[in-house]
Amino acid sequence: MAATTMDPDVRSPFAAPRLTDKHGRAITDLRVSVTDRCNYKCVYCRTGTEGAQYSELPIADYLRMVRVFVSLGIEKIRLTGGEPLLRKGLIEMIAALAEMRTAFAADGTRLSPGMGQPLDIALTTNGHLLEGLAQPLKGAGLDRITVSMDAIDREKFSRITRVPDSFGRVLAGVRSAKRVGLNPVKINCVLLRGFNEDQIVEFAKFSREEGVIVRFIEFMPLEEDRVWTPEVVVRLEEILAALNTFQPVVPLAPNIASETALRYTFQDGLGEIGIIAPVSHPFCGHCSRVRLTSDGKLRTCLFSQSDHDLYGVLRRGGDDADLAEFIRRTVDRKEARHHIGEPDFLKPSRSMVHIGG
Ligand code: SAM
């Protein structure tokens, strides 16, 4: 398809109307899954069995699609998976993303440094391979990191991840990330009744001692094994009650309107806790996110019943304008909200490890 068909909106990110959906939400946040392989088998995410096929695209193809998203006004990119640190070529990919901070027009027009929108590059990892990779990640241009940790107690940690002796490696990874300046380091903890709800206060202490932001996440029905029930979810109010037994919690103002976490500190101002409560306090009205799966499908909601084959457009020879048009049309139809806990709730078409958390 000839470059002359290029939509002028694509050529100039500044003149282009922002990527928005039909509900008027600006879409500024893209999560890119670079593999759906994982070296953990967390009980609430994956089945315990091996053998699943995995899907990965060439790094250059992810970059081509991401570049078009950035030209449409995406400001934040989070690399995820699967486990992104397993992905060969990840460091080079981050370096190429960092270059887009100054050169991101879809038709190759180079913009002057400092003129472009800021591009925040973050990554979510289980931390198992992080200790040795923190410095190369930072050096390539990664801004921030989130490490998933579901227990401080080592035995519980192994019981949840189904990997023996992994806690020490993850802790070393967290400290290494802090040392090299991948700040703020955030810790994500999914709470599951019967597994780790007794770890809430331990995590509060961890936030204070290690100087990291700990975020508790309500368990969502996105697991491979379909074990979710409302009773397993540890809800916001219960988390706050547990934190209050340690020290009175004090709410903090949101950093931005679309922030997913409600923020808290303690009376003495030490430590920061976030609570992400998509089940008990949905935040869909502020959702600014879309996802690109490791096989190149565009997903407009974690709970979508289908996804949209953006990579198919590329594979069939589509140019950047075709990709941009496909993205615009798909994003426009983003779902208003999820229906967790409602009688009409349908499980999503894919599980978290295959979507990219
Ligand atoms: N492997 C990386 C990691 O462990 O962070 C990235 C992928 S993982 C799917 C991303 C995040 O999703 C993790 O923090 C994980 O705990 C969270 N997650 C997975 N399944 C979830 C579920 N059903 N409900 C809520 N969070 C979930």
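For the chain, modelled as a GNM with alpha-carbon contacts under 10 angstrom, which of Ala253, Ala277, Ala96 fluctuates the most?
Comparing Ala253, Ala277, Ala96 in the GNM, the peak value goes to Ala253.
If the cut-off is a Cα-Cα distance under 15 Å, which aspartates and glutamates reach Lys347, setting aside same-chain residues fewer than 8 apart in sequence?
Glu223, Glu224, Asp225, Asp307, Glu335
Would you mind checking segment 247-263 for residues with the amide N under 19 Å from a putative spin-label position 7 Å along Cα→C-beta of Arg337?
257-262
As a test question: what accessible area, to the nearest 10 Å², does Tyr311 have when a 1.4 Å probe is rolled over all protein chains in place?
30 Å²
If you take every DSSP beta bridge whose two residues both sit in the chain, what share of them, in percent to the nearest 5, is antiparallel? Show your work: numbers first, answer last.
Details: 14 of 45 bridges.
For the chain, the DSSP antiparallel bridge percentage is about 30.
Let me have the relative contact order for segment 180-222, percent, based on Cα pairs under 8 Å that are six or more residues apart.
So the answer I get is 55 percent.
From the protein chains alone at 1.4 Å, what is the descending order of accessible area for Arg328, Arg316, largest first?
My answer, sorted largest first, is Arg316, Arg328.
Add +1 for every Lys or Arg and -1 for every Asp or Glu among the other residues with Cβ under 10 Å from the Cβ of Arg316, and state the total. All intermediate terms of the calculation are to be shown ahead of the outcome.
Working: positive: Arg315; negative: Asp309, Asp322.
Here the count lands on -1.
What pairs in Lys88/Lys138; Lys138/Lys178; Lys297/Lys334; Lys41/Lys156 have C-alpha atoms more than 20 Å from each other? Working shown, then result.
Details: Lys88/Lys138 17 Å; Lys138/Lys178 11 Å; Lys297/Lys334 14 Å; Lys41/Lys156 14 Å.
From the list (Lys88/Lys138; Lys138/Lys178; Lys297/Lys334; Lys41/Lys156), the Cα-Cα distance tops 20 Å for no pair.
Full-extension gain between Arg169 and Gln305, please, as 0.36 nm times their residue separation minus the C-alpha to C-alpha distance.
Working: separation 136, 0.36 × 136 = 48.96 nm, distance 3.67 nm.
Gain on stretching Arg169 to Gln305: 45.3 nm.
Roughly speaking, to the nearest percent, how much of segment 156-297's 1.4 Å accessible area is carbon and sulfur?
55 percent
Within the accessible area of segment 30-94, what % is carbon and sulfur when the probe is 1.4 Å and the other protein chains stay in place?
About 50 percent, which is the carbon plus sulfur part of the accessible surface.
Just the number please: accessible area per residue for the chain, 1.4 Å probe, all protein chains included, in Å².
Working: 14690 Å² over 357 residues.
On a per-residue basis, 41 Å².
Suppose accessible area is computed on protein heavy atoms with a 1.4 Å probe; arrange Glu325, Glu259 from highest to lowest.
Order by accessible area, largest first: Glu325, Glu259.
Suppose a student asked you for the relative contact order of segment 29-355, using Cα pairs under 8 Å spaced at least 6 residues apart; what percent would you report? Don't skip to the answer; put the middle values down first.
On the way: 633 pairs, mean separation 60.6, N = 327.
Computed over segment 29-355, the figure is 19 percent.
The values are calculated or read from the model by the stated rules, or taken from the named source; none is laboratory data. Because the structure is a prediction, the values reported are computed rather than measured. Virtual Cβ from ideal backbone geometry, glycine too; neighbours counted across all protein chains shown. These accessible areas exclude ligands, DNA and RNA; they are computed on the full protein's heavy atoms, side chains included. Shrake-Rupley method; radii C 1.70, N 1.55, O 1.52, S 1.80 Å.
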